[in-house]
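Notes follow once the structure below has been shown.
The values are calculated or read from the model by the stated rules, or taken from the named source; none is laboratory data. Remember, it's a predicted structure, so these values are computed and weren't measured experimentally. FYI the Cβ positions are ideal-geometry reconstructions off the backbone, even for glycines, and counts take in every protein chain you see.
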Amino acid sequence: CISNPCPAQCGANSTTCLSPPTNTSCTQCEPITLELCMNLPYNSTTYPNYLGHMSQRESSVSWEASLFPALVQTGCYQYLMFYACTLLVPKCDPVSAQRIPPCRSLCRKAKERCEAVLGVVGLPWPEGSECNQFPQEGNATCLLPEDGIDECSPSHFKCRSGRCVLATKRCDGHLDCDDHSDEENCGCAERGLWECPGSKVCIQISMICDGFPDCPLLVDEVNCSLCRDNELECNNHQCVHRTLWCDGYKHCSDSSDEWHCVSLVDVSGWALTVFRTGSQYQVCADEWNPHLSQLTCSQLGLGAPSTVTMVAEQPGVAGRRRWLHVHPEWDQKEGAALQARLEKRSHSCYSRKRVSVLCAKEDCGLRPAPPPRAAPHRRKR
Amino acid sequence: ILGGRASRPGRWPWQCSLQSGASGHICGCVLIGPKWALTVAHCFEGRESAELWQVVLGLNNLDHPGAHSQTRGVRSIIVHPRYNRAVVDYDISIIQLETEVEETEFVRPVCLPDLDQLPLPDAYCYITGWGHTGNRMPFKLQEGEVRIISLSHCQSYFDMKTITSRMLCAGFEAGTVDSCMGDSGGPLVCEEQDAAGPLGRWTLFGLTSWGSVCFSKVLGPGVYSNVTHFTPWIQRQIYLHTYLLD
């Protein structure tokens with residue numbers, strides 16, 4: 001990259017390339033996403049860092065990313081987490097896209113006060129954090145803790161006494177802070193969360209009515225919309241008119257009006273049942289054909305049809321049944337679901353027979369048989 | 001795979017390799033149907049465009065694809081809408097292949113678990129992949145046997161990182177057998193058992209997702225995307241992308 005520009009994929013903001021140049025050898029400032037270091041007085045970083053990691057992903061799963069937060073709990077040095085973050089996610093100079101190191105004095109204080117603590121449990125001080133590599137303040141730009149720097153990482157809870165304990169220890173029923181403050185105010189509301197009704201589970205407020213159940217008994221997804229009588233509620237709580245439900249076209253933005261439209265119900269044979277306009281319908285056998293049987297099983301993820309029967313309605317019951325009929329242009333709808341190929345008609349089912357389908361589930365999870373071995377070489381134990 | 005061994009060709013016919021241009025193998029993937037494969041969402045970070053990718057199936061040696069391998073382009077990539085990059089939660093995505101694979105002895109889909117089917121803690125299952133082995137990136141597909149670990153036990157290994165119900169842990173305290181960089185998206189499969197023993201049918205319970213730096217001093221189990229949690233979502237997405245008219 002000395003004589004060439006950075007590779008195009010480095011992006012317009014890339015100003016510096018590492019040597020030797022490769023397709024990925026670009027340095028540029030990037031937003032800090034490492035959770036441990038989200039409360040620093042700077043918000044962009046560049047890689048590789050001072051521990052040799054090539055990305056925030058690598059940092060996030062590194063030994064040091066587990067070590068430093070655990071060490072912070074010992075209270076060995078007030079600014080240990082700040083120092084650790086200057087190594088894990090070095091500050092990026094917005095002009096040169098170069099990393100800005102911690103000052104030597106910060107490194108030395110952290111090491112002096114905390115290395116012995118690590119030694120007690122037999123762990124070495126992280127390699128690659130030799131203090132002499134960092135500049136002394138005044139000689140070059142380097143980082144020192146400023147007033148107001150948070151001693152605890154976002155993954156820590158700060159005790160009233162000032163000590164940091166792991167956030168997972170907060171409200172876990174055990175006293176971890178010396179002043180017991182980690183077990184105070186343990187309701188969901190006090191922690192900025194929402195308590196699922198009927199349980200003590202806390203969820204983030206953004207998870208209420210978002211279409212994904214998070215509470216036991218799905219209570220975070222109830223009473224989320226007020227649909228009119230002629231509407232049904234989508235999974236994401238939009239309201240869609242009943243007549244549009246299960247017509248083969250997407251009307252809810254999450255497509256949920258087209259989920260679970262076709263099923264096989266076990267009533268004297270596997271009756272093909274279709275949910276349409278808010279009600280269950282059986283399918284009239286009048287114009288049924290093998291292609292539709294194939295589509296039914298395939299759409300249900302159940303392989304191929306093994307048995308298809310036309311079951312006569314019992315006298316006295318048929319009058320109460322609702323029927324769907326095969327659409328006259330069922331074969332014109334390329335790639336459409338079964339429900340799009342059926343329609344309601346004013347008359348009843350002439351044959352008074354309903355469709356019943358049994359599908360044979362596709363084979364999966366089977367490995368080929370191992371090749372036979374020549375018998376004379378078999379050695380029993 | 002750390003602590004595994006090279007596998008016999010055809011032993012894991014659902015294992016596929018997700019490849020991109022000159023970079024070659026990026027992640028593992030798992031065949032679940034003639035046109036559908038699963039992998040993890042983080043494989044697509046910054047490169048979600050389908051045309052960048054291809055899927056190679058029936059592969060044992062990355063360097064010598066061989067006569068049994070089949071290559072397919074990618075028609076679409078469906079990343080889970082809740083994928084959380086910071087926590088690596090909801091780490092799953094579905095790959096729709098351009099054309100159906102030809103099912104052979106070397107290319108076959110694996111079963112998805114039923115809605116409430118979870119592997120029991122302490123069950124032994126298998127992981128496979130072309131990821132790092134601790135001293136090199138292998139050419140031959142590696143396999144390793146791992147033990148399922150309960151979520152509560154797993155959380156104790158990862159004090160600073162939340163283990164959610166969308167995750168599954170497997171491995172050993174000493175990290176002797178574990179997945180590693182390059183195995184992401186590959187399968188964790190368990191053989192169905194009854195009282196009489198193994199039934200010869202394999203079910204996909206996990207997709208290699210994350211863990212500690214697998215060849216560092218920090219050991220412990222690997223974390224896998226919990227496929228059981230996602231079974232309804234996977235089935236729904238396949239249905240919608242196959243049959244629904246816009």
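So that you can scan it fast, the table gives a plain yes or no per residue for (1) touching a Phe, Trp or Tyr at 6+ places or on another chain (Cβ under 8 Å); (2) of a type in the set (S, T, N, Q):
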| position | (1), (2) |
| --- | --- |
| B:LEU141 | yes, no |
| B:ALA170 | yes, no |
| B:VAL177 | no, no |
| B:CYS180 | yes, no |
| B:THR208 | yes, yes |
| B:THR242 | no, yes |
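Is it the case, given these coordinates, that B:GLY206 is surrounded by 21 or more Cβ atoms within 10 Å (Cβ to Cβ), in contact with a helix residue (DSSP H, G or I) (Cβ under 9 Å, 6 or more places away or on another chain) and not in a loop (DSSP other than H, G, I, E, B)?
So B:GLY206 fits the description; yes.
Restricting the search to the range A:306-332, which residues are in contact with a helix residue (DSSP H, G or I) (Cβ under 8 Å, 6 or more places away or on another chain) and either in a helix (DSSP H, G or I) or closer than 20 Å to A:HIS260 by Cβ (or both)?
The answer is A:TRP330, A:ASP331.
For B:VAL55, are the conditions met, namely being among the β-branched types (Val, Ile, Thr), outside any helix (DSSP H, G or I) and touching a helix residue (DSSP H, G or I) at 6+ places or on another chain (Cβ under 8 Å)?
Against the criterion (among the β-branched types (Val, Ile, Thr), outside any helix (DSSP H, G or I) and touching a helix residue (DSSP H, G or I) at 6+ places or on another chain (Cβ under 8 Å)), B:VAL55 does not qualify.
Given the criterion out of contact with any His (no Cβ under 8 Å at 6 or more places or on another chain), outside any strand (DSSP E or B), within 14 Å of chain A (Cβ to nearest Cβ) and surrounded by fewer than 17 Cβ atoms within 10 Å (Cβ to Cβ), identify the matching residue among B:PRO13, B:PRO81.
Within the list B:PRO13, B:PRO81, the selection yields B:PRO81.
For A:CYS297, state whether it is within 34 Å of the chain's Cα centre (by Cα), crowded, with 18+ Cβ neighbours inside 10 Å and not in a helix (DSSP H, G or I).
no
Can you name the condition, by its number, that A:GLU334 falls short on among (1) more than 23 Å from B:GLY33 (Cβ to Cβ); (2) of a type in the set (Asp, Glu); (3) free of Cβ contacts under 8 Å to residues at least 24 places away in the same chain?
(1)
Checking the conditions here, which among B:GLY200, B:GLY185 is surrounded by fewer than 17 Cβ atoms within 10 Å (Cβ to Cβ) and under 26 Å from A:PRO368 (Cβ atoms)?
Among B:GLY200, B:GLY185, only B:GLY200 is surrounded by fewer than 17 Cβ atoms within 10 Å (Cβ to Cβ) and under 26 Å from A:PRO368 (Cβ atoms).
Here are A:GLY303, A:GLY335: which of them is closer than 30 Å to A:PHE212 by Cβ, modelled with pLDDT under 95, surrounded by fewer than 12 Cβ atoms within 10 Å (Cβ to Cβ) and within 14 Å of chain B (Cβ to nearest Cβ)?
Result of the check over A:GLY303, A:GLY335: A:GLY335.
Per-residue answers, yes or no, for (1) touching a strand residue (DSSP E or B) at 6+ places or on another chain (Cβ under 8 Å); (2) acidic (Asp, Glu):
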site	(1), (2)
A:GLU183	no, yes
A:CYS188	yes, no
A:ASP210	no, yes
A:ASP220	yes, yes
A:ASP229	no, yes
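Name, by its number, the condition in (1) free of Cβ contacts under 8 Å to residues at least 12 places away in the same chain; (2) more than 30 Å from A:VAL311 (Cα to Cα); (3) more than 14 Å from chain B (Cβ to nearest Cβ) that does not hold for A:PHE212.
It is condition (3) that A:PHE212 fails.
Taking the range A:235-260, which residues are part of a loop (DSSP other than H, G, I, E, B) and touching a strand residue (DSSP E or B) at 6+ places or on another chain (Cβ under 6 Å)?
A:TRP245, A:CYS246, A:GLY248, A:HIS251, A:CYS252
Is it true that some residue in the range B:169-187 is within 14 Å of chain A (Cβ to nearest Cβ), farther than 29 Å from A:CYS164 by Cα and hydrophobic (A, V, I, L, M, F, W, C)?
yes
Where residues in the range B:58-75 are part of a loop (DSSP other than H, G, I, E, B) and in contact with a Phe, Trp or Tyr (Cβ under 6 Å, 6 or more places away or on another chain), which of them is surrounded by the most Cβ atoms within 10 Å (Cβ to Cβ)?
B:GLY58
Filter the range A:338-367 for residues that are of a type in the set (A, V, I, L, M, F, W, C), touching a Ser or Thr at 6+ places or on another chain (Cβ under 9 Å) and away from chain B (no Cβ under 12 Å); which is surrounded by the most Cβ atoms within 10 Å (Cβ to Cβ)?
A:VAL355
Here's a check for you: in the range B:109-149, which residue that is at pLDDT 95 or above and of a type in the set (Asp, Glu) is farthest from B:GLY220 (Cα to Cα)?
Only one residue fits best here, namely B:GLU143.
Answer yes or no as to whether A:TRP270 is without any contact (Cβ under 8 Å) to a residue 60 or more places away in the chain, surrounded by 15 or more Cβ atoms within 10 Å (Cβ to Cβ) and either within 30 Å of B:GLY10 (Cβ to Cβ) or not hydroxyl-bearing (Ser, Thr, Tyr) (or both).
no
Pick from the range A:161-194 the residues that are aliphatic (A, V, I, L, M) and outside any loop (DSSP other than H, G, I, E, B): which of them is surrounded by the fewest Cβ atoms within 10 Å (Cβ to Cβ)?
A:ALA189
Based on what the data block shows, is A:THR46 closer than 30 Å to A:ASP178 by Cβ, of a type in the set (Val, Ile, Thr) and surrounded by 19 or more Cβ atoms within 10 Å (Cβ to Cβ)?
Against the criterion (closer than 30 Å to A:ASP178 by Cβ, of a type in the set (Val, Ile, Thr) and surrounded by 19 or more Cβ atoms within 10 Å (Cβ to Cβ)), A:THR46 does not qualify.
Go through B:HIS153, B:HIS132 for me and flag whichever is surrounded by fewer than 22 Cβ atoms within 10 Å (Cβ to Cβ) and part of a loop (DSSP other than H, G, I, E, B).
Within the list B:HIS153, B:HIS132, the selection yields B:HIS132.
Yes or no: the range B:33-40 includes at least one residue that is within 11 Å of chain A (Cβ to nearest Cβ) and of a type in the set (Gly, Ala, Ser).
Yes, some residue in the range B:33-40 is within 11 Å of chain A (Cβ to nearest Cβ) and of a type in the set (Gly, Ala, Ser).
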